Amino acid sequence: MEPVTYSLKRNNTNSQEYYNTIREFTNTVLDHSQKTLTPIAEEYMQYLQKHNLEKIRGIEEYILELICFGVLWETYAKMALSVRIAPFITMAYMSEWRKKHQRVKPLIDFVRGMFLTIFFISEKTKNHFSPTPTLVNIDQVCKWFESTGEFREQALRFVRWRAFWGTINQDDLNEIFITIHNFTIWFEENTLIELGKFTQNVDEFLKNSGKRFLWREDRISSTRARIEYHLNMVGAELMNRAFRKDYEVTETKAVLLPGCMRGKSNNDCNAKRVKEGLICAGCIPECNVNKLRVMGEKQNFKVYIIPHASDLSLWSPQKGMPTRGVVASACVTTLVEGGWELKRYDVPAQCVLLDYSGCKKHWLCDGVITQLDIRELKRVI
């Protein structure tokens with residue numbers, strides 16, 4: 001199959017080349033951050049601890065937050081700052097309503113698509129150079145990030161960084177933003193060299209399919225820049241490292257899979273609906289979800305199908321119940337946002353990327369059945 005945007009397998013029989021590459025390159029990213037982002041992150045951690053704002057997390061998470069800020073600022077800041085009047089609060093609410101009210105989700109998505117196109121996205125500013133961050137500009141961009149529904153988790157973290165930056169004198173703050181900008185340039189150049197072979201179709205897809213997403217709620221999600229794929233690849237690896245200890249001490253394990261891995265369409269699938277999602281009924285042996293369900297029965301983990309934009313709060317720890325760790329699989333562009341959402345709900349999580357994108361909703365008119373690397377899943381579990 002010709003990959004739609006990215007492929008971890010490329011021409012290989014599995015994705016092990018990718019996983020070896022991403023682990024080595026993530027080490028390089030962390031090494032490069034030692035004299036650039038790490039000092040900023042350490043000062044931020046001291047600020048959080050001094051004011052008792054949160055339980056201190058692993059350094060990898062804070063470095064990832066800074067990388068996300070740099071990449072997303074360069075990609076979207078000018079567009080976000082061009083928006084003056086928009087239904088920011090309504091859009092933010094709608095992004096949550098669509099998760100909790102699946103029956104009216106199509107109507108909500110229709111309205112969101114109209115609002116995105118009319119108010120939030122300007123093609124004239126999309127690829128222009130972004131301005132240097134200021135505290136006022138960061139406030140505006142964070143509001144835009146949250147309202148789109150695509151960057152809510154990042155926005156929540158950037159707001160706290162903004163509070164920290166508000167305590168720093170202007171000269172030192174300028175140095176911080178220059179450091180982040182320079183790191184972002186290094187990151188873009190080096191991810192293209194190291195990870196670009198896995199994302200060769202992204203630019204062609206954007207060129208040929210960009211107009212398809214006009215008026216659609218998934219316009220931002222499906223038209224991510226190539227560097228955002230690389231950001232999420234590195235981000236997924238950093239998250240796995242940062243969340244690993246909490247995951248390892250959980251008593252039960254669950255694997256969360258997207259609906260595009262099913263061997264039948266949504267209407268024909270016999271999966272049983274439960275509170276958290278869908279449970280495979282094993283109706284066809286060759287279904288990728290069914291294969292993992294059978295494997296789970298042998299290796300003591302449960303498999304759930306999680307429809308798009310599901311309410312992940314349903315996986316929060318329940319009093320009196322065994323602690324539950326999850327391994328989630330999704331497209332590259334959605335994993336960091338989903339991982340941080342699970343983190344916000346205190347769900348110990350790991351992730352395994354889909355080998356390629358191909359669902360009918362976002363990528364292909366007819367859709368293709370997706371898959372993940374079984375060896376990597378076993379390793380992570």
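None of the figures in this text is laboratory data; all of them are computed from the coordinates on show. Quantities reported herein were computed from a predicted structural model and do not represent experimental measurements. Quick reminder, even Gly has a Cβ in these numbers, built from the backbone with ideal geometry, and neighbours come from all protein chains shown.
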Percent antiparallel among DSSP beta bridges (both partners in the stretch 245-380, rounded to 5) = 20
Gain in span if fully extended, residue 134 to residue 118, counting 0.36 nm per residue against the direct Cα distance | 3.1 nm
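Given contacts defined as C-alpha pairs under 8 Å and at least six residues apart, what's the relative contact order of the stretch 275-376, whole-number percent? Please list the in-between numbers first.
Working: 121 pairs, mean separation 20.0, N = 102.
Rounded, it is 20 percent for the stretch 275-376.
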Two-site label geometry, residue 110 and residue 251: point separation in nm, points 7 Å out along Cα→Cβ | 4.6
Order these peptides, 366-373, 320-327, 138-145, by their mean beta-carbon neighbour count within 10 angstrom, highest first.
-> 138-145, 366-373, 320-327
Projected area, mean over directions - the stretch 1-62, Cα convex hull, nm² | 6.3
For all pairs of alpha-carbon atoms in the stretch 272-319, what percent lies in each bin of width 10 Å, listed from the first bin to the last filled one?
-> 24, 48, 26, 2
Gain in span if fully extended, residue 204 to residue 268, counting 0.36 nm per residue against the direct Cα distance = 19.8 nm
Counting only C-alpha contacts under 8 Å and six or more residues apart, can you give the relative contact order of the stretch 1-132 as a whole percent?
-> 22
Over its Cα atoms, what ratio of radius of gyration to 2.2 N^0.38 Å does the stretch 189-329 give?
-> 1.25
Per the Cauchy relation, a quarter of the hull surface: what is the mean projected area of the convex hull of the alpha carbons in the stretch 1-154, in nm²?
-> 13.1
Within the stretch 89-189, DSSP-loop GluC sites (Glu not before Pro) with at most 10 other C-beta atoms within 10 Å are 123
Sort by residue number and report every cysteine in the chain with no other cysteine beta carbon within a distance under 4.7 Å.
-> 68, 142, 269, 280, 283, 287, 331, 351, 365
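Which ordering of 53, 364, 342 is given by a fewest-first count of other beta-carbon atoms within 10 Å? Walk me through the intermediate numbers first.
Values: 53 12, 364 15, 342 23.
By the 10 Å Cβ count, ascending: 53, 364, 342.
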Taking the chain and dividing mean pair separation by its residue count, relative contact order in percent (alpha carbons under 8 Å, at least six apart) = 21
The stretch 123-196 and the stretch 304-330 have their Cα centres apart by a whole-number Å value of 30
Alpha carbon Rg of the stretch 260-381, scaled by the compact-globule rule 2.2 N^0.38 Å | 1.04
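Report the antiparallel proportion of the DSSP beta bridges in the chain as a percent, rounded to a multiple of 5.
On the way: 5 of 20 bridges.
Of those bridges, close to 25 percent are antiparallel.
Working out 0.36 nm times the residue gap between residue 56 and residue 297, then minus their Cα-Cα distance, what length gain in nm do you get to one decimal? Please list the in-between numbers first.
Values: separation 241, 0.36 × 241 = 86.76 nm, distance 3.64 nm.
Full-extension gain reported as 83.1 nm.
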